[in-house]
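Taking it in order: structure first as structure tokens, then the write-up.
Every read-out reported here was derived from the displayed coordinates using simple, explicitly stated rules and does not represent laboratory data. Remember, predicted model here, so these are calculated numbers, not experimental data. Here Cβ is always computed from backbone atoms with ideal geometry, including for glycine, and neighbour counts include all displayed protein chains.
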Amino acid sequence: MPPNQENSIVTNDEILIGEVQISFAKSQIISGGEETSVQIKSMQIFHCLVSFYPKPCPRQYFIDTIWDGNEYVGAKALTDGIYRLRKAGLSDAIKTISKSGYVLNWAPLPQELEAVNAQSKHPAGETRNKRYIWTFVVLTALLGLAALLFTVIDFIDILKLFGDLHPIEE
């Protein structure tokens with residue numbers, strides 16, 4: 001049983017590892033802007049790695065879970081699946097633990113595909129510009145209010161000054 005089974009990340013459809021985006025629903029890996037379709041068994045291998053993160057996932061767990069304990073098929077298919085994942089852009093993300101299993105080098109982060117697409121359509125500069133505009137508007141309003149307040153105070157002082165003057169009698 002994977003240690004992170006209750007972890008919500010393994011139920012997410014899309015995750016991000018480093019700069020690589022993984023879609024479980026589409027069996028797709030997007031790395032460097034290039035989309036690669038991956039076999040379902042390879043995605044199951046990757047799902048096990050995510051479930052076990054940050055601990056290594058034992059080879060036997062893969063074989064028991066994905067290939068129903070079939071050592072003959074599972075051992076070779078596991079090696080092939082890891083190879084395909086690495087080739088699809090996860091070469092730096094998967095580390096081999098000699099004669100034991102595999103582990104992810106980086107933390108998998110939940111990632112909404114729509115959020116990634118929205119970021120690519122709207123550069124970060126637009127958000128920064130909106131922030132500057134709002135800051136400018138608020139500061140201008142505060143300065144206007146301060147000027148109005150000082151004008152009223154000056155007007156009251158002028159009235160007091162003229163109030164002390166007596167009208168000229170003729």
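Couplings for the range 141-154, taken from phi via the Karplus curve 6.51 cos²θ - 1.76 cosθ + 1.60 with θ = phi - 60°, read 4, 5, 5, x, 5, 5, 5, 4, 4, 5, 5, 5, 5, 4 Hz in order; Gly and Pro are left as x. The convex hull defined by the C-alpha atoms of the range 8-116 has an orientation-averaged projected area of 6.3 nm². Between Leu139 and Lys55, the contour length at 0.36 nm per residue exceeds the alpha carbon distance by 25.1 nm. On full extension, the segment bounded by Ala75 and Arg131 gains 14.7 nm, given 0.36 nm per residue less the C-alpha separation.
Computed packing ranks the peptides 91-103, 50-62, 136-148, 75-87 as 50-62, 75-87, 91-103, 136-148, most packed first, by mean other Cβ atoms within 10 Å.
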